[in-house]
Structure formats: C-alpha cells, structure tokens
Amino acid sequence: MNKKYIMPFALAILILALITSPMTFAASTNDNITVNVNISSVGAIVVSPNSISWAATAPGSNTATTNIIIKNTGSENVSNIYMTTSAITDESTNPLQTADPNAYSAAGFIFVKNSTETTYSHAGRLEWNLSTILTGETLSITAGTTAFGHGWYRNSTGNEYLWKVENGTAGLCNNTGATFNIEQGPENDTTLSRDITANPSTCSAVTQGAWGVFTCSDGPLNGYCVAAASTCDKIYIYKNDYSSTFPTCNNREYLRSANLIPGTEDSLSVFASIPLGTPAGDTNEGTLTIVATY
C-alpha cells in the first residue's frame, strides 16, 4: 500500500469504529432537599398618599376628590378599618371668635366614603357654641338648665341647621339627662330658621362617656353619631370613628369590616367641604388616621 494512503485510511477506520461502537456514559443519582420558610405574624398597612393638599378653595364649595389606597403589607388579614381625625385636638379653642384660618383644623372639613358607598360622610366635624343668642332665635331652654350650647351645623351647601345641647346631672352635657336637638329646617340665603322648637329632630338619650353621644333618627344628622363635650360648648359629628375617645354609638360603621388579605388593597375617597363664612388662608394642618385590626 502506498504510504501516502496509510494515515487517512487509519483515521477513517478510527472514525468508523467510534460511530458503530456503543458509547458509555457515567451513571447518575439524585436526592432531594426539603425547603420550608416560616412567615412571622405581622399586621401592617401602608396608606398612600401620605399627604393631601388643596389650594384656593372658595367658601361654599368642595374640593376635588382624592383617592386613598390602603395596602395590606403584613402577613395577617386585617379588618374593621376605621378613620379618626385630629380635629378635636387641633381646635382646642372656639374658632368662631377669630378671623384666623389657622384656628380651624383642616381635618374637620373632610368627607370620606369607602370603595362601595355612593354617599360621603363627615370624617369628624366639630361645631362650636355661638357666643350670643341670635336675633330671632328661639331655644326654649328647659327650666333648671345650668349649662347649654347652641350653634350651626354647616357644610358647603349653604344650608345651616341650628342645634342645641342642654346639660344633664352635675351641669355636664355627657351625663344622664343631657339632651340634644337639631332643627330639621335649614337656614340659607333665602330662608331664616332659628326656632329650635319648630321642627326638631328626634334624637336619642345620651350615652355617657368622656363625651356624651346622641343619635338622631331624622333630620340633617340622621345616620351620624353626635358627641357633645362635657362642657356643652361643642359637638363632634362622625360615623366611622371607633377610637376609645367616644362611647358606643348605634350609628357607627366601619369603612371596611371584611378581611383585607395580605398583598391586597382597598381604597377610600375624600374631599374637603368648606362652609360659607370660613376665613381665608391656610388652616391648621390636620391628620387622618386609618386604623385596622388583625
């Protein structure tokens, strides 16, 4: 055989052997690793945005609505979500006696509703005693009363409703015997309505606590809780506040009572309602606190 053909021929034989011979692979084996992660119990919500501001809102008007997102960022279901405001602490003195807008809590102007409601409610509205008896006002104070308060319930509609609270035992408006009334007919730019005896709402007996709480079954505050200060000089109107500040009220409702499971969210909607006769300028910055149970 010619030498020049020896190497190619041998290479061809080797390749053919590799193709036709069975190939041998290394054997394999396996085992498993069990993985477990324990999640600790954490109750947590995050609320966005953390600040809301409305500018240049005229008295007698409402701001645009703003959505508030509540996210369950913890590991437990949360439920019984409610809102409380800083209005009571922000307005430590009667703002009606001053033209200072900073005497008014911004939180006291807020209306709120949940994601399924069609009607907004006061988040927490303070109304204060008037310093004098109005011209033409009829209060019909009960004999033996030693302390009382009276004033207007107001919002942006221009309709104002006259209310009155009279003391109970020990001269306090959060004790047994205290009474609350509010006129069902509004006063506005075309109608005077200053006789509390003409068409008063039907309101419950006082529930005693740090504040005396009433509920009305008709009139402009139907569906609300109305808390009277012990000193009779102010009332607080609310619906969704379950804080320990107030005793039990039959009209209270949670903004959300159902479970909000971890990783999900719900929403609220709020706006500010500015009554006529509110002084111009920046109000006292307020706080809305959203509380959830887990």
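The values are calculated or read from the model by the stated rules, or taken from the named source; none is laboratory data. Just so we're clear, the structure is a prediction, and the values are computed from it rather than from any experiment. Because the Cβ atoms are built from the backbone with ideal geometry, glycine has one as well, and the counts that use them run over all protein chains shown. These area figures cover heavy atoms from the full protein model, side chains too; ligands, DNA and RNA do not enter into them. Shrake-Rupley method; radii C 1.70, N 1.55, O 1.52, S 1.80 Å.
Electrostatic bookkeeping for residue 264 treats Lys and Arg as +1 and Asp and Glu as -1; over the other residues with beta carbon under 13 Å from its beta carbon, the sum is -1. Summarising the label geometry, the points placed 7 Å from Cα in the beta-carbon direction at residue 39 and residue 289 lie 2.8 nm from one another.
The lysine pair tally for the chain, using Cα distances under 24 Å and a gap of 8 or more places or different chains, is 5.
Report relative contact order for the chain in percent, whole number only (criteria: Cα-Cα under 8 Å, sequence separation at least 6).
Answer for the chain is 27 percent.
Computed as a quarter of the hull surface, the mean projected area of the alpha carbon convex hull for the stretch 226-278 stands at 6.1 nm².
Projection of the Cα convex hull of the chain, averaged over all directions and equal to a quarter of that hull's surface, yields 30.1 nm².
Per residue, the chain reaches -2000 deg cm²/dmol at 222 nm when only DSSP H runs of four or more residues are counted, each adding -39500 (n - 2.57). Dimensions of the stretch 195-294 from C-alpha coordinates, computed as largest minus smallest value along each principal axis and given longest first, are 54, 38, 25 Å.
Using the 1.4 Å probe convention, the accessible area of the chain works out to 54 Å² per residue with neighbouring protein chains retained. Computed over every Cα-Cα pair of the stretch 153-227 and binned at 10 Å starting from 0, the pair-distance distribution P(r) comes out as 21, 46, 27, 5, 0 percent.
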